[in-house]
Amino acid sequence: MRVTEYVRYDAVGLAELVAGGEVAPGELEAAAHEAVDAVNPHVNAVVETWQGGEDRAGAGDGAGPGGGSLAGVPFLIKDIGVAMKGRRTELGSRLAAGHVAPADSALMTRFRRAGLVTIGRTATPELAYGITTEPVLHGATRNPWDAGRSAGGSSGGAGAAVAAGMVPVAHGTDAAGSLRIPAACNGLFALKPTRGRVSMGPDADEVFSGLAVQGGISRTVRDSAVLLDRISGPEPGDPYFAQRPTRPYAEEVVRHPGSLRIGVLAEAWGGRRTCAPVAGALSRTVSLLESLGHRVTEAEVDLGIDWDAFVAANAVVWTAHVAATVDQLAAASGRPVDASTLEPVTLAGHRYGQRISGPRFIAALDVRNRVARSLARFFGAYDVLLTPTLPELPVPLGADARSAETLDGHGWLRHILDRSPFTAPFNVAGTPAMSVPATPDERTGLPIGMQFAAGHGREDLLFRLAGQLEQASPWADRTPRIWAGDAAIPPARPEEDAAGDRVA
């Protein structure tokens, strides 16, 4: 299969070709590697590739939710949040460089059972501690729509890889918007599941005190739905359990959502202003929703606490976990905790987190509870909340560099949440939220994402709405400047080659 043909299909479409005997999994893998070789030097999204023959041999069982398998589909995993036996998991950090996973995590086992052929791992900021992907270990990941801009984070490598056509769907994690932010920056779809929908086991019961979840990023809604069907469900010992859906999410994508009560929040908590291009896209989205029969009104959304308290609580939870992770990595690797192994923001987070007392941490968890209760009351009055995913267009690479050098742990979290104020509350509450591509910025052509959030366990509702929006205003055929489907891709510029020392 030629790359120009490979990129025309989403993951479900490729799996159907395999199931029908029209193409062999090995052909798809070869096309995926060719795509990576062609475009990764321009974007530096994939930090390592390998042959997926072991997964091809497993082929997937073809059964389970969703009514079909993803057998034979090329796939990429993020360099954090999932462990693949015998493969490196370095967390984007020099402190963890060279670490090899001794066993599969539960999620990796489910990827294998789905039949996905995992061919490599994607870039993440160090310890996923940022919303732009520019780690010292691997270098900056560039946005395929504009190589001078960020692909977002912390699943920025996954976003850039899918947007550039290397794979149709990729794994990612989301603790404050880390799936939805790259989706918005790269013109893709991503859904953050309900807390407890996908297991973190067996080596962790929860990550960032339940703020982090596992998921995927894709070009089509049905790919994300089928992927979630195949990886959701608890493992023994999990601390959270999300009630099983009444039907597969893949079926929800084609169901009519009905006339929904949709609240709109145009300006973020904390006073961050939404820029004109994003505000314009929000207005056009509202018009589209109204034309589809939804009842759309401006809404006031109370988080149950003020923004400063929200930021402070997140800083406590995040830095305490960063400190614990750094200490564990240092003990395992025998490396020092200093500037030779960690970036400034991680060192600052480590120092801040070490000073967090037990009572202060418990108080931060109380804030989590208050936010969850307050948003639950909101979703008693509305079916869905609409916000921009981000208040601004994708930022230039290096935009966070000065802040990274000077801020302490609390200041860095405030900076992150100022950049992405709309996404984190739904991680704190544990409720599902998705980023859906809106019409691009007319002047620059850059992607813009719209976020839709729903009540606990209502991924079904979000998938129905996403499927309707995808039909009404298709986005999958929009392709970036750096695209594996181009017949002739120019050589990478020297500055693109220099973006990372270890591109695939």
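Values quoted throughout were computed directly from the atomic coordinates according to the rules given, and no laboratory measurement underlies them. No experiment lies behind these values; they were computed from the predicted model shown. Note that we place each Cβ from the backbone using ideal geometry, even for glycine, and neighbour counts take in every protein chain shown.
Tabulated values for the structure
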{"read-out": "Over segment 198-335, relative contact order from alpha-carbon pairs under 8 Å, at least 6 apart, %", "value": "20 percent"}
{"read-out": "Cα-based shape type of segment 118-220, given that a ≥ b ≥ c are square roots of the gyration tensor eigenvalues and the cut on a/c is 1.5", "value": "prolate"}
{"read-out": "Ala472 versus Arg351: modelled label distance in nm, points set 7 Å from Cα along the beta carbon direction", "value": "5.1 nm"}
{"read-out": "Burial ordering of Phe422, Phe310, Phe361, Phe208, fewest other beta-carbon atoms within 10 Å first", "value": "Phe361, Phe208, Phe310, Phe422"}
{"read-out": "Distance in nm between pseudo-label sites at Val254 and Thr444 (7 Å out along the Cβ direction from Cα)", "value": "3.8 nm"}
{"read-out": "Fewest-first ranking of Phe241, Phe111, using other Cβ atoms within 10 Å as the exposure measure", "value": "Phe241, Phe111"}
{"read-out": "For segment 337-388 and segment 1-37, distance of Cα centres in Å", "value": "40 Å"}
{"read-out": "The chain, helix-only ellipticity at 222 nm - DSSP H runs n ≥ 4, -39,500 (n - 2.57), divided by all residues, nearest 500", "value": "-11500 deg cm²/dmol"}
{"read-out": "Potential lengthening between Thr297 and Ala279 on full extension [0.36 nm per residue; Cα-Cα distance subtracted]", "value": "4.9 nm"}
{"read-out": "Calculated FRET efficiency for the pair Asp203/Ile362, C-beta based, R₀ 22 Å, to 0.05", "value": "0.35"}
{"read-out": "Of all DSSP beta bridges in segment 154-307, antiparallel share, percent nearest 5", "value": "60 percent"}
{"read-out": "DSSP bridge pairs, segment 3-482: antiparallel proportion in percent, nearest 5", "value": "65 percent"}
{"read-out": "For the chain: rounded, prolate or oblate by the Cα gyration tensor [a/c cutoff 1.5]", "value": "rounded"}
{"read-out": "Estimated inter-spin distance, Asp418 and Gln243, nm [label 7 Å along Cα→Cβ]", "value": "4.1 nm"}
{"read-out": "Value of relative contact order over segment 3-482, rounded to a whole percent, pairs C-alpha under 8 Å and six or more apart", "value": "17 percent"}
{"read-out": "Trypsin sites (Lys or Arg not before Pro) restricted to segment 214-288 and DSSP loop, no more than 13 other C-beta within 10 Å", "value": "Arg273"}
{"read-out": "Relative exposure of Leu70, Leu390, judged by other C-beta atoms within 10 Å (fewest first)", "value": "Leu70, Leu390"}
{"read-out": "Added length on full extension, which subtracts the Cα-Cα distance from 0.36 nm per residue, Arg8 to Glu34", "value": "7.9 nm"}
{"read-out": "log10 of Debye I(q)/I(0), alpha-carbon scatterers only, for segment 223-302 at 0.11, 0.16 Å⁻¹", "value": "-0.53, -0.91"}
{"read-out": "Stretch gain in nm, segment Arg377-Asp486, where the contour uses 0.36 nm per residue and the Cα spacing is subtracted", "value": "34.4 nm"}
{"read-out": "Trypsin sites (Lys or Arg not before Pro) within segment 315-420: DSSP coil, no more than 14 neighbouring Cβ in 10 Å", "value": "Arg355"}
